[in-house]
Each structure stands twice: as structure tokens, then as C-alpha cells.
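To keep things clear, I will list the structure first and then write my remarks on it.
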Amino acid sequence: DESDESDDDDSDSDSENENESDDDDGYDDDGHDDDDDLVPVPWLAIRLPDVIGPRDGTYRLWRYQMWVQCVDVLGPVTVSPELATGGSRRLSFAYAPDVAGLVAKVARGECDARLGQSYNVACGEHVSLQEMVEHVAECVRETWEEKSAPGEEKSAPGGHGARSVVKVREPPGRGRKRDRDDSIEEEAARVGSSVGTSRRISSPEFYPSVDGGAIDPSRAIGELGFAPTPLRDAVRETVRWCAGMCAGGGDVGRRERAEAARRLRRSFGLKLFSDEAKALRVRLRRLGFPEPKDRWGDDAE
């Protein structure tokens, strides 16, 4: 008898499971396919390279800007051979206000005829990392000269021309295959410093952070009416914004300045109380950055 009851229980359980399976087959009680009720979502995909512009939360261009302004402390900006002028790799950059303008245009329904497609969005120019850093250095010099009072020293901190701030890193030794990690690993380089001695210091690269290489925005220009800002102008406006965050040294932009300075020090692996870090603090204070305090601690980014 117990065996019969057990069989009946199993049978009931199987029947319940079968009913549950029927409920989950994607059809309602009338045999209507649930997928028929789904509403297609209109979409348009935008593919971006590294983005520059005001309030860039990565602080990548700002760190290059500070590096240029502190070149006599940190040494020249080093770039890998393939990212140097004439190298094998070219880069694209997008300007944040351009991207925001295009997104707003899509949201207003002005690009509905192009929905369901993907577009590259970037400035039209393809540059090497060396050329990009030289753009930054030129804009730093121009911005410094614009804000200098009559009779005041016109040369920006660092005192170097655009080309002299960049140094091409030595290629890897024979028999060693260069891979992607070489562009981001900390590589020791002997450089002179304002603290009076040469020392070993890491040489980071902040661009590119994406692996897609240079992209062509011509379809977005032709089909979406995208109007990219010239890269040189985008760099200039970004440099001016960063410089404006430091102007006056007040509370406006204090958090951004502190974070940018902290990331720069961390990028070079400088110890908080080392001679190099002290020299960098003096230079950054002159540029309008706050004292590091705990913001320059050794916590991970």
C-alpha cells in the first residue's frame, strides 16, 4: 500500500511539473506567442575612440598637460616607437561636446532615418601620440602666454618647446617580441631632474586606452550631419579648461585638481616624501594645485 501511495505522489508531481513546463513554453492560454507583444526599441550605435574635453574623468589629457608643465621635474614625455611621428600606429580622438551634441540630435529624432546602424564618431584627424603631446605642449604655451600679464615671464613652467618635451622610447631588444603590455608597463628611464641628480623614473603612456586604432567618421558626417571640431581646437579648449580649474586656486575645481595631481604622482610611482615627489609638489603648487595631503596617499586608484 505504501508503495502504491508513493507511486501516486510521483505521478502527481510529474503532472505538476508537466503543467509548469506548459506554462513556460512562451505562449499564453490562447496559444499566442509572447514575443509578438515585444515592442522593438529604436537604436543607433556610436563607436568612440579616446574622448577628450572638459570634465574628462580619466584625467589622461590633463596628466599629459601637467607632465609637459613639469618636464624639468619628471623628464620628457616618452612615447613608444610605433606611437611616434612616422610610427606604425595612428590614433583618433573624439571631443566630448561633439559627442554630446550628436547624442542630443539623435534623442530629438533628427536621425530617425538612420536608426539601426552604427557610426564612428571622432575628430577627422589621425595623429601619432607624439603629435598629440606636441599639440598639448603648444596649447599649454599659448594658454600661458594669454593669461600672462604685460612684462611677466611668457614661458610656461617647464621652459621647453613643444618638440623638446617628447622623447621616443628605445625599441625593445633583439629577440624580444613587443606586445600590448609594453605600452602600459612601467619602464625605467634615466632622466635629469630639477632636484639635482639623475634617477630612475617610470614612463607611463596614457593613450591609447582602446585598441581599435584610428577610425573614420565620414559616414557620421555624411549621414548624420555630424560636425567634428578640429582636433587642434579640441585640444586647445581642453587645455584651457584644465588651466581654468587651476586659476586662482580657489574652491572651484579643487577636487578635480587634487585628483589630477594624485593620479599624476601615482602614474610615476613616486613615493610621497621622496625628493622627486617634493619637487613635483612645489611645481604643482605654483600651477595652482592644492597640497596633496591624504589625496596623495598610497591607496590604489
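The values are calculated or read from the model by the stated rules, or taken from the named source; none is laboratory data. Just so it is clear, the structure is predicted and the values come from calculations on it, not from any experiment. Ideal geometry is used to build each Cβ from the backbone, glycine not excepted, and the neighbour counts take in all protein chains shown. Heavy atoms of the whole protein, side chains included, go into the accessibility calculation; ligands, DNA and RNA do not. Shrake-Rupley method; radii C 1.70, N 1.55, O 1.52, S 1.80 Å.
Could you grab me the full set of residues in the stretch 85-119 that are assigned to a helix (DSSP H, G or I) and in contact with a Leu (Cβ under 8 Å, 6 or more places away or on another chain)? Quick ask: steps written out before the conclusion?
To start, the set of residues in the stretch 85-119 that are assigned to a helix (DSSP H, G or I) comprises 96-107, 112-114.
Of everything in the stretch 85-119, those that are assigned to a helix (DSSP H, G or I) and in contact with a Leu (Cβ under 8 Å, 6 or more places away or on another chain) turn out to be V99, L102, K105, V106, R114.
Taking E131 and the conditions (1) open to solvent by 40 Å² or more (accessible area, probe 1.4 Å); (2) touching a residue at least 60 places away in the same chain (Cβ under 8 Å); (3) not basic (K, R), which numbered condition does it fall short on, given that it satisfies the others?
It is condition (2) that E131 fails.
Condition first: within 17 Å of the chain's Cα centre (by Cα), under 29 Å from L83 (Cα atoms) and part of a loop (DSSP other than H, G, I, E, B). Can you find one or more residues in the stretch 265-276 that meet it?
no
Every residue in the stretch 102-115 that is modelled with pLDDT under 95 and either open to solvent by less than 40 Å² (accessible area, probe 1.4 Å) or under 30 Å from S88 (Cα atoms) (or both), please.
Those that are modelled with pLDDT under 95 and either open to solvent by less than 40 Å² (accessible area, probe 1.4 Å) or under 30 Å from S88 (Cα atoms) (or both): V106, G109, C111.
Looking at the stretch 102-122 only, could you name the residues that are more than 22 Å from Y207 (Cβ to Cβ), in contact (Cβ under 8 Å) with a residue 40 or more places away in the chain and small (G, A, S)?
Selection gives G116, S118.
Please pick out the residue among V99, V68, V51 that is of a type in the set (A, V, I, L, M, F, W, C) and open to solvent by 40 Å² or more (accessible area, probe 1.4 Å).
V51
Which members of the stretch 117-127 meet the condition of being open to solvent by less than 40 Å² (accessible area, probe 1.4 Å) and either more than 27 Å from L83 (Cβ to Cβ) or in contact with a Gly (Cβ under 6 Å, 6 or more places away or on another chain) (or both)?
Within the stretch 117-127, no residue meets the criteria.
Run L272 past the list (1) surrounded by fewer than 21 Cβ atoms within 10 Å (Cβ to Cβ); (2) of a type in the set (A, V, I, L, M, F, W, C); (3) at pLDDT 90 or above and report the number of the one that doesn't hold.
Only one criterion in (1) surrounded by fewer than 21 Cβ atoms within 10 Å (Cβ to Cβ); (2) of a type in the set (A, V, I, L, M, F, W, C); (3) at pLDDT 90 or above is unmet by L272, namely (3).
Here is a yes/no grid of residues against (1) at pLDDT below 90; (2) touching a strand residue (DSSP E or B) at 6+ places or on another chain (Cβ under 8 Å):
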{"site": "F93", "(1), (2)": "no, yes"}
{"site": "P97", "(1), (2)": "no, no"}
{"site": "Y119", "(1), (2)": "no, yes"}
{"site": "C123", "(1), (2)": "no, yes"}
{"site": "H126", "(1), (2)": "no, yes"}
{"site": "Q130", "(1), (2)": "no, yes"}
{"site": "V136", "(1), (2)": "no, no"}
{"site": "P150", "(1), (2)": "yes, no"}
{"site": "A189", "(1), (2)": "yes, yes"}
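Is it true that A243 is open to solvent by less than 70 Å² (accessible area, probe 1.4 Å), modelled with pLDDT of 85 or more, part of a helix (DSSP H, G or I) and farther than 30 Å from G124 by Cβ? Steps first, please.
On the way: open to solvent by less than 70 Å² (accessible area, probe 1.4 Å): yes; modelled with pLDDT of 85 or more: yes; part of a helix (DSSP H, G or I): yes; farther than 30 Å from G124 by Cβ: no.
Taking the combined requirement at face value, the residue does not satisfy it.
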